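*Asks:* My structure is below; once you've seen it, I'll send some questions.
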Amino acid sequence: MASIIGTISEYTPKYTVIKAAQKYEIRNYPGMILAQTPYDGDDGTSFRTLAKYIFGGNAKKEKMAMTAPVTIAPKSEKIEMTAPVLTGPRCMSFVMPPEYTLETLPTPLDDKVTLTKVDDETLAVIQFSGWAKKELVENKTKELLSALAADGIEPLPNTTPRLAQYNPPWTLPMFRRNEVMMPVPSS
């Protein structure tokens, strides 16, 4: 019942706040492993594909804990950022529980699921509530980039923003935790 009002009981990656500005935070995240699948829209297919993997749709038939956030980001490829929006080929990711390594995670049965190790990274993050609709996400992305520019911080070259959502669909909109994250230099 607590998830209706936004309480998050799932594992979330630990991070260190490097800077707390008025509109955003700069955070340092340790490396982690992601389960990823292509994301073509919001019909739930990508989420169900990843959920099937963690709930036993793997070579060991092993069930793993749900984690947060679920992220949506452009596919992991070096492309020039032409607009501060999430467009083009994208992927949805679940953070894997920290007790796993790439070697100990069960092999996905669905070839649309890939396991990827992400190195430590520094992210600028703006948080917001409500439903993460395209227009709101675009506005929050622009707000984050404007605030960073005003503080003389430039995103890392060839990077794009990602959307992080922390709550299940039944959480009331005003209690939902969403974030736009943008890679920035670590110093």
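What follows is calculated from the coordinates using simple rules that are stated; it is not laboratory data. This one's a predicted model, so the numbers in the text were calculated from it and none came from an experiment. Glycine gets a Cβ as well: all are built from the backbone with ideal geometry, and neighbour counts include every protein chain shown.
*Asks:* Quick check: the angle from helix 45-54's long axis to the longest principal axis of the chain, C-alpha only, nearest 10 degrees?
*Replies:* 60 degrees
*Asks:* Further question: In whole Hz and in residue order, list the ³J(HN,Hα) couplings for the range 159-173 that follow from phi through the Karplus curve 6.51 cos²θ - 1.76 cosθ + 1.60, θ = phi - 60°; x for Gly and Pro.
*Replies:* Going residue by residue, I get 10, 9, x, 10, 9, 10, 10, 9, 10, x, x, 7, 5, 4, x Hz, with x marking Gly and Pro.
*Asks:* Under the rule of -39500 (n - 2.57) per DSSP H run of 4 or more residues, summed and divided by the residues of the chain, what mean residue ellipticity at 222 nm is obtained, to the nearest 500 deg cm²/dmol?
*Replies:* -4500 deg cm²/dmol
*Asks:* Hey, rough spin-label estimate for THR116 and GLU103, points 7 angstrom out along Cα→Cβ, what's it come to in nanometres?
*Replies:* The two pseudo-label positions are separated by 2.3 nm.
*Asks:* Roughly how tilted is helix 134-150, in degrees to the nearest 10 and between 0 and 90, from the longest Cα axis of the chain?
*Replies:* The two axes meet at around 50 degrees.
*Asks:* Against the globular-protein guess of 2.2 N^0.38 Å, express the Cα radius of gyration of the chain as a ratio, rounded to two decimals. Walk me through the numbers before you get to the answer.
*Replies:* Details: Rg = 16.3 Å, N = 187, 2.2 N^0.38 = 16.1 Å.
With N residues counted in the chain, Rg over 2.2 N^0.38 Å equals 1.01.
*Asks:* Please state the relative contact order of the chain as a whole percent: Cα pairs under 8 Å, 6+ residues apart?
*Replies:* 30 percent
*Asks:* Further question on the same structure: Taking the Cβ-Cβ separation of PHE47 and ALA20 as r and a Förster radius of 41 Å, what is the calculated FRET efficiency to the nearest 0.05?
*Replies:* E between PHE47 and ALA20, to the nearest 0.05, is 0.85.
*Asks:* Take MET32, MET182 and order them by how many other Cβ atoms sit within 10 Å, fewest up front.
*Replies:* So the ranking, lowest neighbour count to highest, is MET32, MET182.
*Asks:* Efficiency by 1/(1 + (r/R0)^6): what FRET value for ASN28 and SER146, r their Cβ-Cβ distance, R0 = 25 Å, to the nearest 0.05?
*Replies:* Computed FRET efficiency for ASN28 and SER146 comes out at 0.65.
*Asks:* A follow-up question, please. Going by how many other Cβ atoms sit within 10 Å of their own, how do GLU99, GLU25 line up, fewest first?
*Replies:* Working: GLU99 9, GLU25 16.
The order, fewest Cβ neighbours first, is GLU99, GLU25.
*Asks:* Further question: Over 32 Å between Cα atoms, which of LYS19/LYS133; LYS19/LYS134; LYS19/LYS60 qualify?
*Replies:* Working: LYS19/LYS133 27 Å; LYS19/LYS134 27 Å; LYS19/LYS60 42 Å.
Cα-Cα > 32 Å for LYS19/LYS60; rest within.
*Asks:* Next up: Straight-line reach from LYS63: which lysines have Cα under 24 Å away, leaving out those fewer than 8 places along the same chain?
*Replies:* Correct list for LYS63: LYS14, LYS52, LYS112, LYS117.
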